[in-house]
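Peer 1: Sharing a structure here in structure tokens format.
The values are calculated or read from the model by the stated rules, or taken from the named source; none is laboratory data. Remember, predicted model here, so these are calculated numbers, not experimental data. Quick reminder, even Gly has a Cβ in these numbers, built from the backbone with ideal geometry, and neighbours come from all protein chains shown. What goes into the accessible areas is simple: the full protein's heavy atoms, side chains included, and nothing from ligands, DNA or RNA. Shrake-Rupley method; radii C 1.70, N 1.55, O 1.52, S 1.80 Å.
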Amino acid sequence: MLTYFLLFCLLLTEAKSIPAHPPPAPSPHHFPLDLWPKDSLLPRRPCPPLPPDHFWLVHTWPKGFCSNSSVHCPQPNNLPLELTIHGWWPVDRKDSTLNNYRQVGPINYLFTGEAGEELYTEMKNNWPNLTSPIEYRYGHIAFWEKEWARHGICSCFEPRLYFETALALKRTINVSQALRANGIKPGIEYPRRRFVKALRRKIPRLSFAMRCGDKNGTKILIEIRVCTSETHAISCSQRLNDNCGSCYIKLVSEIEPF
């Protein structure tokens, strides 16, 4: 009798140690979009269900961007004098951007401490929020947070490495230097072929697209989108969406509303 009683107690103890409803196993299609804690940042992390085929490094000409009447730039006389980053967007094989629409946690922790301040300064100089006062720290971080939440989370990078890689690509490709080297200066209209020659001279197989605004028939440069891998500029398989036409394009030196 004692033996049966002890056996019953043992089985009861084991039963209590087993959850009545164990949590379901993670779906192979689930991609966690919550905040990655600072202490678990890794150089790489699991790719999303549809990993990017390549990227677009989107450069903005600040005075062209701020010439758009639908955009408010609070400091039009204090804009950078070279192309800045708008975003680094993951793209699929059909050249469609991979976008996330779910909520993602804040990334302001990236910009704390000495290393964080260095990253913040480099980001502010190369990837500024043109619609925010240059000294307004939160305005810049909010812009970067939006870019991370919409695009960066769809890459295979953790937040810090995502931003640092985009900055490194900008330095390496250096579209602003390529334009200067070919004599393209702000305030003058140039044939489209002049822009193509400038960029292809630096990177022969570079794929890129230009986005323009239209002011009474004058094409005002807003963006140059460059096709990249995770490490360098590449030739895309598809033709990028370009609306600057085949004639003349102007790199404005002052705000010219359109």
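Peer 1: Looking at the stretch 178-193, which of the residues that are of a type in the set (D, E, K, R) and closer than 18 Å to residue 247 by Cβ is most open to solvent (accessible area, probe 1.4 Å)? Lay out the reasoning, then the answer.
Peer 2: The first filter runs over the stretch 178-193 and keeps only residues of a type in the set (D, E, K, R), leaving 180, 185, 189, 192-193.
Narrowing the set further to residues that are closer than 18 Å to residue 247 by Cβ leaves 189, 192-193.
Working: 189: 86, 192: 43, 193: 178 Å².
Looking at residues that are of a type in the set (D, E, K, R) and closer than 18 Å to residue 247 by Cβ, I get 193.
Peer 1: Select, from 156, 212, the only residue that is crowded, with 19+ Cβ neighbours inside 10 Å and either in contact with a Pro (Cβ under 9 Å, 6 or more places away or on another chain) or outside any helix (DSSP H, G or I) (or both). Working first, answer last.
Peer 2: On the way: 156 fails: crowded, with 19+ Cβ neighbours inside 10 Å.
It is 212.
Peer 1: Got a sec? Which of 205, 225 is closer than 29 Å to residue 168 by Cβ and open to solvent by 60 Å² or more (accessible area, probe 1.4 Å)? Break it down into steps so the answer makes sense when it comes.
Peer 2: Numbers: 225 fails: open to solvent by 60 Å² or more (accessible area, probe 1.4 Å).
Exactly one of 205, 225 is closer than 29 Å to residue 168 by Cβ and open to solvent by 60 Å² or more (accessible area, probe 1.4 Å), namely 205.
Peer 1: From the list 254, 223, which one is in contact with a Phe, Trp or Tyr (Cβ under 9 Å, 6 or more places away or on another chain), not in a helix (DSSP H, G or I) and not hydroxyl-bearing (Ser, Thr, Tyr)?
Peer 2: Details: 254 fails: in contact with a Phe, Trp or Tyr (Cβ under 9 Å, 6 or more places away or on another chain).
After ruling out the rest, the residue left standing is 223.
Results for (1) modelled with pLDDT of 95 or more; (2) loosely packed, with under 11 Cβ neighbours inside 10 Å; (3) of a type in the set (Asp, Glu), shown as yes or no for each residue.
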residue	(1), (2), (3)
29	no, yes, no
32	no, no, no
35	no, no, no
43	no, yes, no
53	no, no, yes
58	yes, no, no
100	no, no, no
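Peer 1: Still on this structure, I have one more. Please tell me if residue 128 is more than 14 Å from the chain's Cα centre (by Cα) and either part of a loop (DSSP other than H, G, I, E, B) or closer than 14 Å to residue 85 by Cβ (or both).
Peer 2: So residue 128 fails the test.
Peer 1: I need every pair where a residue in the stretch 123-140 that is of a type in the set (Val, Ile, Thr) and modelled with pLDDT of 95 or more has its Cβ under 9 Å from the Cβ of a residue that is part of a loop (DSSP other than H, G, I, E, B) and open to solvent by 30 Å² or more (accessible area, probe 1.4 Å), sequence separation at least 6 or different chains.
Peer 2: 131/71; 131/72; 131/74
Peer 1: Go over the candidates 106, 90 one by one and state the one that is under 26 Å from residue 158 (Cβ atoms), surrounded by 12 or more Cβ atoms within 10 Å (Cβ to Cβ) and either of a type in the set (A, V, I, L, M, F, W, C) or touching a Pro at 6+ places or on another chain (Cβ under 9 Å) (or both). Please lay out each step first, then the result.
Peer 2: Numbers: 106 fails: either of a type in the set (A, V, I, L, M, F, W, C) or touching a Pro at 6+ places or on another chain (Cβ under 9 Å) (or both).
That would be 90, the only listed residue that is under 26 Å from residue 158 (Cβ atoms), surrounded by 12 or more Cβ atoms within 10 Å (Cβ to Cβ) and either of a type in the set (A, V, I, L, M, F, W, C) or touching a Pro at 6+ places or on another chain (Cβ under 9 Å) (or both).
Peer 1: For the stretch 241-258, give me each residue that is hydrophobic (A, V, I, L, M, F, W, C) and surrounded by 15 or more Cβ atoms within 10 Å (Cβ to Cβ). Steps first, answer last, please.
Peer 2: Going through the stretch 241-258, the residues hydrophobic (A, V, I, L, M, F, W, C) turn out to be 244, 247, 249, 251-252, 255, 258.
Scanning the stretch 241-258 gives 244, 249, 251, 252, 255, 258.
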